[in-house]
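Worksheet: one structure, shown below.
The values are calculated or read from the model by the stated rules, or taken from the named source; none is laboratory data. If you're wondering where the values come from, they're calculated on a predicted model, not measured in any experiment. Quick reminder, even Gly has a Cβ in these numbers, built from the backbone with ideal geometry, and neighbours come from all protein chains shown. We work out accessible area using only protein heavy atoms, side chains counted, and drop any ligands, DNA or RNA first. Shrake-Rupley method; radii C 1.70, N 1.55, O 1.52, S 1.80 Å.
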Amino acid sequence: MPETRLCLLRHGETEWNVARRIQGQVDVDLSAVGWRQAEAAGRWLADAGITALYSSDLRRAWRTAEAIGRALNLVPRAEPALRERRYGVFEGLTQEEAKRDLPAVYAAFAGRDPDYDFVSGESLKTLFARVTEAVRRIAAEHPGERVALVTHGGVLDIVNRFVRGNPLHLPRDFLIPNAGLNWISCRDGAWAIEVWGETAHLLADARDELP
């Protein structure tokens, strides 16, 4: 089987990201910085040979995908399975508020309890099943191609662990920057990380804005 390469991106920055407010599936839009990040990602990927573009249908991801799609001359395909994790009672709170007001819940979150679902949210185990099924399916539908997927930090956390074979409960040892590029590949069922957390395109864009 030919090698399939997936470029996964976290959406551009939102005001809630800056405030460290937990978004989950609350439909927050991009900030001005987030729009610039999305456009910079599109310019960087314009010559990457991307043949298909998928996105979470949450607004912050979808707007990012639209900006990338304009640069690639591709129309994004909505994929709800790429949505952020549902954080239940945490959604709308800052991390500081969650820690102060819901200490038991926060302890389960910080300890990465794979079964905990935030009362009305989604457990890491459920998220893992949702995300890995979508990634496997998209890769299988595009053998030998390069495909871009715009998604969220929680989803990328799962993808990194899936590819590396790391347990869900381990502390995160990698970064997930807004609009960062994360390239993974699949050949004959074997997955590998090629690049993770690449932000050179954002630095280049910032230099271009200097007087």
Legend entry - Taking the convex hull of Cα positions in the chain, its mean projected area over all directions (nm²): 11.4
Legend entry - Under DSSP loop assignment and at most 13 Cβ neighbours within 10 Å, longest trypsin sites (Lys or Arg not before Pro)-free interval of the chain: 21-171
Inset, instruction - Compare L156, L127, L175 in a GNM of the chain, Cα atoms joined below 10 Å, and give the one with the largest fluctuation. - result: L175
Legend entry - Cα-projected label distance for V119 with L175, points at 7 Å along beta-carbon direction, nm: 3.5
Inset, instruction - Within the set of other residues whose C-beta is less than 13 Å from the C-beta of L170, count the net charge using Lys and Arg as +1 and Asp and Glu as -1. - result: +1
Inset, instruction - Taking all protein chains together and a probe of 1.4 Å, list C186, C7 from the most accessible to the least accessible. - result: C186, C7
Inset, instruction - Over the range 93-140, with every protein chain in place, what whole percent of the accessible area is carbon and sulfur at 1.4 Å, could you tell me? - result: 57
Inset, instruction - Calculate the radius of gyration of the Cα atoms of the range 93-148 to one decimal place, then report Dmax, the largest Cα-Cα distance, as a whole number, both in Å. - result: 16.3, 49
Legend entry - Total charge dipole magnitude, the chain, about the Cα centre, Cβ charges on Lys, Arg, Asp, Glu only, Debye to nearest 20: 220
Legend entry - Gain on full stretching of the segment that runs from R59 to W35 - 0.36 nm per residue minus C-alpha separation: 7.4 nm
Inset, instruction - Hey, can you find the accessible area per residue of the chain for me, probe 1.4 Å, expressed in square angstrom? - result: 46
Legend entry - Residue-averaged 222 nm ellipticity for the chain, from DSSP H runs of 4+ at -39500 (n - 2.57), nearest 500: -12500 deg cm²/dmol
Legend entry - Length released on extending from I193 to A78, taking residue separation times 0.36 nm less the Cα-Cα span: 39.0 nm
Legend entry - Gaussian network model of the chain, springs between alpha carbon atoms under 10 Å - residue of D117, D101, D157 with greatest fluctuation: D101
Legend entry - Cα lying deepest toward the dipole's positive end in the chain, options I68, A48, I138, charges on Cβ: I138
Inset, instruction - Multiply the residue separation of E66 and L203 by 0.36 nm, subtract the distance between their alpha-carbon atoms, and state the gained length in nm to one decimal. - result: 47.2 nm
